[in-house]
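Colleague: This is the structure I have questions about; it appears just below.
What follows draws every value from the coordinates through simple rules; no lab data is involved. Quick caveat, the model's predicted, so the values are computed rather than measured. Glycine gets a Cβ as well: all are built from the backbone with ideal geometry, and neighbour counts include every protein chain shown.
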Amino acid sequence: MASVDPAGFQQLKEQQYLHDQITVPAELQSNVLVTTLDKAYNWSRRSSMWPLLFGLACCAIEMIATAASRYDLSRFGMEVMRPSPRQSDLMIVSGTVTKKMVPAIVRIYNQMAEPRYVLSMGACATGGGPFKEGYNVVSGIDKYLPVDVYVPGCPPTPEALIFGLMKLHEKVERQSIAKVAWYRKESSGFVPVPILGPDIFDPRQIQLIRENTLGEGAASRSSGGGEVRVMPELLSDDVKQNLEAIRTRYLAKMKQPA
Ligand code: SF4
């Protein structure tokens with residue numbers, strides 16, 4: 001029978017892996033551990049979380065560095081990044097999310113089995129970063145996927161990513177097998193895949209967006225108008241109809257069998 005030395009028992013107790021109320025007599029502590037199903041279940045999940053192998057931009061280099069020998073993700077049982085969403089628990093969105101990539105990212109997320117988690121790594125994934133309001137970049141992956149942990153930075157260091165992973169572990173440890181969605185009838189549902197095309201952000205509305213995000217003054221200054229408030233330029237009916245026609249054509253094309 002495996003045994004636990006007294007120091008190991010104390011360590012498990014301090015880490016709150018043992019049952020809160022049931023006390024094991026001292027003479028049995030090297031052989032008997034009492035815990036709850038939730039604690040055992042969460043400990044095993046958080047100690048072998050498998051990240052999905054993909055990166056989007058410069059943040060991915062830091063993620064790769066985190067997995068290499070100096071920082072060593074194997075301390076968390078995470079060293080093998082999985083090349084298939086069906087074997088992964090964790091999606092680390094590391095880099096700039098472009099409009100072209102976001103449908104693929106959401107589709108991959110839908111292919112991951114429950115329980116699944118999303119970590120948004122860096123300013124780009126979290127809010128568009130230096131490319132916010134760019135013509136091809138979405139302003140945050142959380143507009144499309146449920147994000148569990150955000151790691152700020154441009155790029156975040158490996159230490160920051162490790163801190164984010166530890167925060168995710170804490171979140172996992174707070175879950176209860178009796179309440180999690182994936183064992184219940186109302187499991188967390190399919191996330192609609194966004195479509196390419198006229199969507200998300202119209203650069204012609206830049207003044208309106210500036211006013212909403214930075215305030216009136218920002219819109220005036222950016223226009224060089226001094227005290228004059230710049231009114232947003234609204235889309236004409238022709239342009240709206242044109243965009244709607246493109247969208248309808250696109251949807252019809254998507255419904256055709258491959
Ligand atoms: S947050 Fe900075 S480092 Fe990360 S992908 Fe964006 S620009 Fe690159």
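Colleague: Using label points projected 7 Å from each Cα along Cα→Cβ, tell me how many nm separate Ser44 and Met166, to one decimal.
Modeller: 2.6
Colleague: Here is the link list: Lys100/Lys255; Lys132/Lys255; Lys100/Lys185; Lys99/Lys171; Lys100/Lys240. Which ones come out longer than 26 Å on Cα distance?
Modeller: Where the Cα-Cα span goes over 26 Å, the pairs concerned are Lys132/Lys255; Lys100/Lys185; Lys99/Lys171.
Colleague: What length, rounded to one decimal in nm, is gained on full extension from Val193 through to Thr23, with 0.36 nm per residue of separation minus their alpha-carbon distance?
Modeller: Roughly 56.2 nm would be gained on extension.
Colleague: Please give the FRET efficiency for Tyr71 paired with Cys154, using the beta carbon to beta carbon distance and R0 = 22 Å, rounded to the nearest 0.05.
Modeller: 0.70
Colleague: Which loop-located trypsin sites (Lys or Arg not before Pro) does region 19-74 contain, where loop means any DSSP state but H, G, I, E or B and the Cβ has at most 15 other Cβ atoms within 10 Å?
Modeller: Arg70
Colleague: Could you pull out every one of the lysines with an alpha carbon less than 21 Å from that of Lys167, ignoring same-chain neighbours closer than 8 positions?
Modeller: Filter leaves Lys13, Lys39, Lys179.
Colleague: Here's a follow-up. Give me the number: length gained by fully extending Val80 to Ala181, i.e. 0.36 nm times residue separation minus the C-alpha to C-alpha distance, one decimal in nm.
Modeller: Contour length minus the Cα-Cα distance gives 33.7 nm.
Colleague: Select from region 34-136 those GluC sites (Glu not before Pro) which occupy a DSSP coil region and have at most 14 other Cβ atoms within 10 Å, ordered by residue number.
Modeller: Hits after loop and neighbour filter: Glu79, Glu133.
Colleague: Roughly what % antiparallel, to the nearest 5, for the DSSP beta bridges in region 63-180?
Modeller: Just about 10 percent of them are antiparallel.
Colleague: Could you tell me which GluC sites (Glu not before Pro) in region 134-195 are loop residues by DSSP with no more than 12 other beta carbons within 10 angstrom of their beta carbon?
Modeller: Qualifying residues, ordered by number: Glu186.
Colleague: Additional query: Could you give the size of the charge dipole of region 45-170 about its Cα centre, using +1 on the Cβ of each K and R and -1 on the Cβ of each D and E, expressed in debye and rounded to the nearest 20?
Modeller: 300
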